[in-house]
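The structure appears below as structure tokens.
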Amino acid sequence: MDHSGHGMTMDLPPFTLGRGLEWSADPFFLLACLLGLGLYGWGVVRLRQRGDAWPAGRTVSYVAGVLTIGLVMCTKLNDYGMVMFSVHMVQHMVISMLSPILILLGAPVTLALRALPAAGKGRKGPRELLLALLHSHYMRFVTHPGFTIPMFIASLYALYFTPLFDFLMGSKAGHVAMMVHFLAVGVVFFWPIIGVDPGPRRPGHLMRMLELFAGMPFHAFFGIALMMASTPMVETFKNPPASLGIEALSDQSAAGGIAWAFSEVPSVLVLIALLFQWHGSDQRQAKRKDRAADRDGDKELEAYNAYLASLNTRQS
């Protein structure tokens with residue numbers, strides 16, 4: 001297959017981690033990462049100037065998420081990923097399962113809602129449009145598990161085991177569109193489960209865990225299918241360049257192992273984050289109950305004092 005549309009030569013030397021991490025930026029993702037970091041930084045600075053606090057942990061998580069996108073799309077990993085199934089699978093797993101989790105834990109939507117100015121009565125600015133989108137029927141639909149789980153699964157099976165994958169890999173625009181799709185599907189899948197931003201759906205913590213475990217096993221099955229296959233299953237990677245010194249079937253098996261092993265990473269990350277969120281939610285609820293009990297106690301004391309005062313009045 002001709003990958004010249006991606007603007008790269010076919011005679012890549014054998015892959016090593018050092019070569020893979022050399023700078024080789026995709027213009028679209030480079031610009032998107034810089035824009036994402038710039039807008040987030042603007043929001044944090046705006047809050048600080050106003051005297052409002054913003055958790056440092058959220059900033060670190062968001063920046064790490066954007067940097068993981070840059071890592072797989074703005075280095076030679078992106079070049080090798082066009083001709084090596086195993087490297088491509090690293091890109092896919094990172095951009096669809098690790099980057100979305102880190103970005104969502106950074107709460108970019110919450111930051112935007114706090115940093116963007118209100119447009120004023122009867123007017124609609126960016127903040128009002130964002131709020132309208134969050135509460136729209138569209139967002140309610142795309143964050144429903146009846147949509148997110150099948151889409152998460154279809155992004156593997158319907159893409160890799162049909163000619164669609166080879167079509168997208170045949171051009172730079174198609175490859176970028178596919179990677180954007182992986183990122184978007186990851187964000188939509190993990191948002192109702194782990195996101196701290198406001199959204200149209202907020203299931204209970206137990207339901208979030210069930211949604212997580214409903215999707216994750218299919219990644220493992222997909223990886224096992226690649227590892228057990230006796231012939232190359234994806235046309236794009238059937239004839240790797242001789243300069244790489246790899247064999248297509250063993251590279252496919254490595255890709256399957258990466259998909260299988262990587263499915264455990266987000267599961268652990270999400271479970272840890274969910275447990276922390278659950279614990280924090282219980283603590284906040286307990287504090288609310290304590291405050292309500294204090295208020296009720298104060299009311300009872302006031303009523304009792306009023307009763308005593310009325311008795312004194314009668315006796316007088």
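The values are calculated or read from the model by the stated rules, or taken from the named source; none is laboratory data. Source: prediction; values computed, not measured. Positions of Cβ are generated from backbone atoms using ideal geometry, with glycine treated the same way; all protein chains shown enter the neighbour counts. Only protein heavy atoms, including side chains, enter the accessible area calculation; ligands, DNA and RNA are left aside. Shrake-Rupley method; radii C 1.70, N 1.55, O 1.52, S 1.80 Å.
Side notes on the structure shown:
- The calculated pair-distance distribution of the stretch 16-153 uses every alpha carbon pair, bins of 10 angstrom beginning at 0, and gives 11, 30, 33, 20, 6, 1 percent.
- Global form of the stretch 148-225, assessed from the alpha-carbon gyration tensor, a/c cut-off 1.5: oblate
- Pairwise FRET efficiency - K124 versus M216, Cβ, R0 = 25 Å, nearest 0.05: 0.05
- Among I224, I153, I272: highest mean-square fluctuation, GNM of the chain, C-alpha pairs under 10 Å: I272
- The chain - mean residue ellipticity at 222 nm from DSSP helices (-39,500 (n - 2.57) per run, n ≥ 4, rounded to 500): -23500 deg cm²/dmol
- Between S310 and N239, residue separation times 0.36 nm minus the direct Cα-Cα distance comes to 16.0 nm.
- In whole percents, the pair-distance distribution calculated for the stretch 186-245 from its alpha-carbon pairs, binned every 10 Å from zero, is 18, 30, 21, 19, 11, 1.
- Note on the chain: GNM, Cα springs under 10 Å; of M169, M216, M139, the largest mean-square fluctuation is that of M139.
- Helix 145-160 vs. the chain, principal-axis angle (Cα, 0 to 90°, nearest 10): 10
- Computed over the chain with a Gaussian network model linking Cα atoms closer than 10 Å, the most mobile of G81, G122, G146 is G122.
- With every protein chain in place and a 1.4 angstrom probe, the accessible-area ranking of S136, S250, S230, S99, largest first, reads S230, S250, S136, S99.
- Relative contact order, whole percent, for the chain stands at 21, derived from Cα pairs under 8 Å and 6 or more residues apart.
- FRET efficiency, D52 to D197 (Cβ-Cβ, R0 25 Å, nearest 0.05): 0.90
- Neighbours of P192, meaning other residues whose beta-carbon lies under 12 angstrom from its beta-carbon, give a summed charge of +2 when Lys and Arg score +1 and Asp and Glu score -1.
- Size-normalised alpha-carbon gyration radius of the chain, reference 2.2 N^0.38 Å: 1.31
- Spacing of the modelled spin labels on S171 and E302, each 7 Å from Cα toward Cβ, amounts to 7.1 nm.
- Here the stretch 16-66 is treated as a Stokes sphere of Kirkwood radius computed over C-alpha pairs; at 25 °C and 0.890 mPa s its diffusion coefficient rounds to 191 µm²/s.
- Under the Karplus curve 6.51 cos²θ - 1.76 cosθ + 1.60, θ = phi - 60°, whole-Hz ³J(HN,Hα) for the stretch 63-74, x wherever Gly or Pro sits: 4, 4, x, 5, 5, 5, 5, x, 4, 8, 10, 10
- Working note: Cα atoms of the stretch 129-280, range along each principal axis, descending, whole Å: 53, 33, 24.
- Förster-model FRET efficiency, 30 Å R0, M228 and T16, C-beta, rounded to 0.05: 0.60
- Surface share of carbon and sulfur [accessible, 1.4 angstrom probe, percent] for the chain: 67
- Computed with a 1.4 Å probe on the full set of protein chains, the accessible area for L31 sits at about 120 Å².
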